[in-house]
Each structure stands twice: as C-alpha cells, then as structure tokens.
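What follows draws every value from the coordinates through simple rules; no lab data is involved. Owing to the predicted nature of the structure, the values given are computational and were not obtained by experimental measurement. No Cβ is skipped: glycine too gets one built from the backbone with ideal geometry, and neighbour counts run over all protein chains shown.
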Amino acid sequence: MTNIHPLDSALIDQIAAGEVIDRPASVLKELIENSLDSGANKIEIQISKGGHELIQVSDDGCGMNQDDLRLAFKRHATSKIQKLEDLNSIQTLGFRGEALPSIASVSMVTARSSEGDSNGFEIKINGSKEEYLKPAAGLTGTTMRVQNLFYNTPARRKFLKKPETEQAVINSIMRRFMLSRSEVGFKMISNNKTVYDVPSQNLPDRINAIYGSGYKNGILPVDLKKDPYTVKGFAGNLSLVKKRRGEQYIFINGRYILDRLLNSSIYSAYQSLIQRGEFPFFVLFLEMPLDSFDVNVHPSKLEVRFVNEWQVYHILKSSITATLQDILKVIPEYSTYRHFPEYSTSNTTTLKFKGSANAAISQFEQAPHKRISMENTHGENKQETPLQRAHIRMESTLDDIKIDNDELKSLSDHIWQIHSKYLLTEIKSGLVIIDQHVAHERVLFEEAKKALEGQGFASQTVLFPQTVKFQPEEYESLVEITHYLKKIDKKQWELEISSENRKTSIRTGYVFLGAGGKTINYLQKSKIPEAKSYGGFPVSGKWLICEKKDLTEKHKSKVYGKADIGSPPMSVPHLDTRWIDNKKLLLYGPFAGFTTKFLKQSSYFDLFSSIKKNNIFSMLDVGFKNNDLINYLISQSLKNHNSRVENLKNMMPSANPSDWYLKNAGQRVQIIKKTEGGGSLKFGTEIVNSSDGSLSALLGASPGASTAVSIMVEVLEKSVFFLNDKQNLQKKINDLIYPEPSVSENYSIFIKDIKKRKIL
C-alpha cells in the first residue's frame, strides 16, 4: 500500500491560502488589485469589524461573463499570463490565479459581475464549494463579497488580531492603493462610517486628502530620468519628518514594494538633515524595464528581485539628493562633516573596574564617585558625571545577571563614553557600542507595556470630560492601543478623542498632559489639588520676515545678538534662515507681544478661564513684582514697523523696511506659581504630579523639555507605574545605560567577560 496520495482540491486551496491569505488586509489587497487590473475608475470598499465579518469590494471595471466568473475561482486560472515567457513582462498587479480560490477556500464568497452591457451573473462559494451560479440584473463591473473569514479553519481564525488592529492594517493597505493610483476614486466605509472618500485627482491633492493640508505644503517634487530608469513623485521637507515609520512609499512600475535597501538609499540622502530615529515622508514611483526585476519571488508580491539592485539604489538616492539641494545649501558645513573626532586622554574618561565578579565596582581611574541615590536625584549627587552614573548602573546590572564562568572570555580594561551618548569598549571579536538613547526608549516601552497590563491603580473620575483632537494617523494609532489601556483595572480618567468626523472615548489609569500652553487649562479641569497653585501668563512672539531672494541667498546661518538690559531670557535677538511652506525666508526677532490666548489657534478666553480663586492673588502679586517685564511687553507691543527695523539694523545696517513684514509666530505660557511670599514667575519648565501618580503635566515655556531624560525620569518616579515600586524603577533606570543582554550577541559576550574577570 502506497503512502503517497494526491490531496483533495479543497485542502490544496486551503494550503495555498496559508501562503497568500493571512489576515483581512491581504484579502482586501488581492481584491483591489483585481479591480485595478480590470481598468476600474472607481472602487468602493465596505468593511465590518476589521474584516472579521465582511470585506466587500465593488468596481466599475470591465467585468466578467458567466464562464469567466466560474473560472476565476478555479486554481491557477488567470487572464493575465499565457505562457512562461509572460512572467518576464508582467504589467498587471495580480497574475498567479491563486488569490480568489484561496480566499474562497477559507470564507464565504459571493461574486456578482457583468461584462459590458450584457446581463450579469452571481456566484456563491463556501469553503471552495460552489453553491450556485445564477443570472443577476442591473450590474456594472464586479462586486466581491467575502464573509466570515477563516470560519472553516478555527486554528487560523484565533490568530486574527482585534478588529481595531485589523482595521488599522486595512487603512494602511488603502493608503498604498490610493497613493499608487490617484487617478482612481476610492471610497471605504467601515462599520457604517466613511473612512475615505476621494475622487480621481492628482497626486498632491491625493496626499492632501489622506494626510491633511500640512503635507501638501511640505512636499517637494521629485523628477529624474536616467535611462533606463525614471523616478517621479514627492519627498517631504523637514517639517514632515516623523519619529516613526509608516509614511514611506516606493512603487515599482505602479506596484508597492517593501525593500530595506531602497529605503536606506533615501534615508542616506537625508542623512545630514535628520537625526537617527527620524523618518522622512516620501511617495516615489520608479519606472524601469520589465526584464530588470522579478516580482514572482513571493506569493504576497511585496518583494522584488533586481538584476542590478545597487544601480537602483543609486538612482533613487540621486533623485532625492537633487530634490533636497536647496535645503542642503542652508546647512552649515560642520553639520555634514564626517571625519571621526580624535579622542585623547584629556577629553575622555577611562573606567577601571576592580573587585570580584559580584562585588561592588569601586573605582574610576580618573573620576571617583559616590553611589547614586534614586530617591534624591537632585540632591548632593547632582555633580556626578554621566559616566559616573553609567558606572553605578553597570554595577547594578551585573548583580542581576547570572552567567556560567566557563563561557566567559577576555575583555578590554577600558570603557569610554562618547558625547554622553555612547558607551564603547573592546572585546575579543571587535568593539561593543551601546546607544544610551535607544536603550532608554526600550526601557520606557517595556515599562509602559507592563504597566498597561497591570491592575490595582487608584481611581478618580474627571468631573468634566476633555476633548482632544488628533490627526487621522494619530487617531488610528490610539484606537489600536485602546484595548491595552482598558486592561487597567481602575480607570479613573475618561478622555474623549475626536478626529474630523470620528469620535471615541477611553478610560485610563494614567494621563500625561503636555499640550503646550493649554496644559494649564487641562490641568485645572482635572481638579487635582496639586493644580490649584498654578497660573499662566501668555506671551506671543513676533518676527520680521524677508522673502527677497537676493537677501535670503546671502544668509545661511543663525546669528545671535545680545538682549537689552531688563529683557527676559527668551528675548535674545537673532537673525535666522528658515524654510516655511517650501520657501526660503530670513527671520529676525523675536519681538514680544501679548494676547490672552494660550495657543496661537485657541481661544481669547484662555487666560480668563485659567484665573481661579486659588491663583488670582499669586498672579496679581507677580504683576506687582515684575514691572520691568510689564514695561518691556508694553514697549514691545507699541513698537511700529520702522522701530523694529531699526533694531534689525544692529545686525543688518542696510536693512530696508519695505523688504520686511511682521508675522506672529506663536505663544508661550510662563508658569506662575504660588509661593510663601505671594507668587513667583518661572521661565523654565515644571512637572506637576497628582498625589496618587495617575496624572502628570508638563508646564512652562519649553514643551520640548518633555524629551529630556531627567524630566521623564521624574515623571516615572511619581507615576502609578512606580509609585510603590522604587526598586523596579531603579533597575529600569540602570537599564537606560546597559540594557538586558538580549540587546545583541556581542553585548552578551561583553557581560560574560565582566563576570569572569576578578580584576579588570
């Protein structure tokens, strides 16, 4: 009896589905590709519960007749290739003939289609079994309706993510298609709500429709032709740089692809303009000969293989570099200087460790230290250097790691810290470099993840719910993590979040307020006792702006002057070159102004609404004590155009008033804090925490300070995450310098070597 036997056709289709269909978004991708291949000018999508229950795609394409409608669900039946040689010249998005049979094998599919003006037909297939094929009147194009995905494969269905997560992936797929085919109209309805509704339009308008008007004004055209390649599209200026990926799109002959090498070519063109961990926006279309790449390397068709990938790399990099030339012209030369600095014993500190493997590391070669007390980071240990703190944290890390001495190898005697950012040491196989910033991000992520899964947080409900507006992308990210926030047992804060016509609310155990000047208003509405002693004083900033090209081209750096006697610190005048709305401008300022708004685009009632019985006396006291500041603001507000230009002439004697105009730049809200003597005006930044650690707020003139490690450590110390867990907090802060060994194989070797050596 033979052990080999042919598989059932339905089982074959289900196996194929495992390669092609892994989630609702992959179903949607295949259906939209078929619609585009049919020549559709308008495509409408309906989604229910993230695609778990329903995915429906309707188009006005060429349609199918009765025979083709049935054959479309047969394995390896396709109209897009005829012979083997056709694989070398594929111009359609779909071509394998696998998608529809695979989808039909793991779902309930109803397809309706008509070819031209002929009568239409409807077919229904459940789990690869055809139930009926019948005439259907009044049809145009094709409608594919997919229900109950993976209903007959429960093992696959249980691995589907929550509807919110699947919907976010679907939205991402939709953006790819909408950007790749701006001439096609798209409409998507999810759970009876319209998510996207865009007509046929040009690409800049399509980018504007998806991402908002800020993107349309921030994109730069890309157009480069170098036989046999053509690159077109748009790249974002520096205003569109984000801290996360997801807004990078490369299309090869109209097909979206994922290729790390090609993405890196574009990042390298931006390298002198952006920092590590920042990602530019781009939508690029690369046209190339069909025989120079292969899309038939993976069932998902997201990967391609190039005949000469480095040629493609350089053509993409060249196209972006040419586009960014005007921006690069204003970058000082030192920013792009790539020579590795020479470090001598005068500007580096050598660490030498002594003692047993588990003993306290006791000595620096050049910098003796004291153990850091995490209970008092701003006390007597404040003078300790970052390298000293790194030493202490390494000590704690070593105590927590248990490694078999038999596996240990030799290690260099020296460790260097470079620019307070990197730790570097030598091991047998090479060098170990630890990025402290990346380690910090990972520690915060892991702590937040654990905290959101925890229980037992104190609870206090906000009396009046607060509404916060988000961009569509931010809203979708928030919805995706909402289920994590709901895991918190006691949810004392209720937040209402809206974006355009969409609205949702969440209850959470922890809130961090950092909304610029409006933070004062939000903090006061929280009703926590700690907010009662604070008030705010708004100050606006005004700038003289010049657009004359002959002047802007002469100035390529930032020049600082000296503030007038009695002027506040933020009033230091400077002449600066900026790119605004894709224009090179010359700015001089700032000139102070006054308005009752806390944000440039907020309400004139902001200041008045912030005045409470608990802070009115401290605010009045500040007014009496700061006559110089008040006089300064009055004098600044009374300045006319000519007097402001006279100030400018201190730096530019030939300045002509007709070349410059005044622009209001934005707002700052200085902290007013209640003190024993009445009130005090603060020019810096301050953290306010509720007693139960459930709410933190960043007040002051510099919202950017929220990125400072010291600020965020203070927030964590007093938050519900670590309020009663100082030991765990200290461990995690230690990990800011030395992450867990899993960070890299070399780092693991590095730790092993430290544990082995008794004297280093």
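Model label points for Lys583 and Ile630, set 7 angstrom from Cα along the Cα-to-Cβ axis, are 3.9 nm apart.
What the Cβ-Cβ distance of Lys558 and Asn217 gives, at R0 = 22 Å and to the nearest 0.05, is a FRET efficiency of 0.40. Taking label points 7 Å from Cα along the Cα-to-Cβ direction, Glu53 and Ser498 give a separation of 2.6 nm. Three semi-axes describe the equivalent ellipsoid of segment 516-719; taken as square roots of 5 times the Cα gyration tensor eigenvalues and ordered largest first, they are 35, 20, 14 Å. In a fully extended conformation the segment linking Lys663 and Ser264 would gain 139.8 nm over its present Cα-Cα distance, using 0.36 nm per residue. Here the calculated FRET efficiency for Leu71 and Tyr422, from their Cβ-Cβ distance with R0 = 51 Å, stands at 0.25, rounded to the nearest 0.05. Here the Karplus curve 6.51 cos²θ - 1.76 cosθ + 1.60, taken at θ = phi - 60°, turns the phi angles of segment 597-607 into couplings of 6, 9, 10, 4, 9, 9, 9, 5, 8, 4, 5 Hz, with x standing for Gly and Pro.
Each peptide in 135-148, 686-699, 217-230 gets a packing score, the mean of other Cβ atoms within 10 Å over its residues, and the list from highest to lowest is 686-699, 135-148, 217-230.
Normalised by residue number, the volume inside the convex hull of the Cα atoms of segment 129-197 is 151 Å³ per residue.
Given R₀ = 30 Å, FRET efficiency for Gln601-Val438 by Cβ-Cβ distance, to 0.05? Approximately 0.30, to the nearest 0.05.
Approximating the spin labels as points 7 Å out from Cα along Cα→Cβ, the His314-to-Leu133 distance works out to 5.4 nm. If the segment from Asn650 to Asp117 were pulled out straight at 0.36 nm per residue, it would be longer than the present Cα-Cα gap by 184.2 nm. Ranked by the mean number of other Cβ atoms within 10 Å per residue, highest first, peptides 178-188, 153-163 order as 178-188, 153-163. Pairs with C-alpha atoms separated by more than 18 Å, drawn from the list Lys29/Lys503; Lys562/Lys625; Lys187/Lys242; Lys74/Lys158; Lys532/Lys682; Lys158/Lys193, are Lys29/Lys503; Lys562/Lys625; Lys187/Lys242; Lys74/Lys158; Lys158/Lys193.
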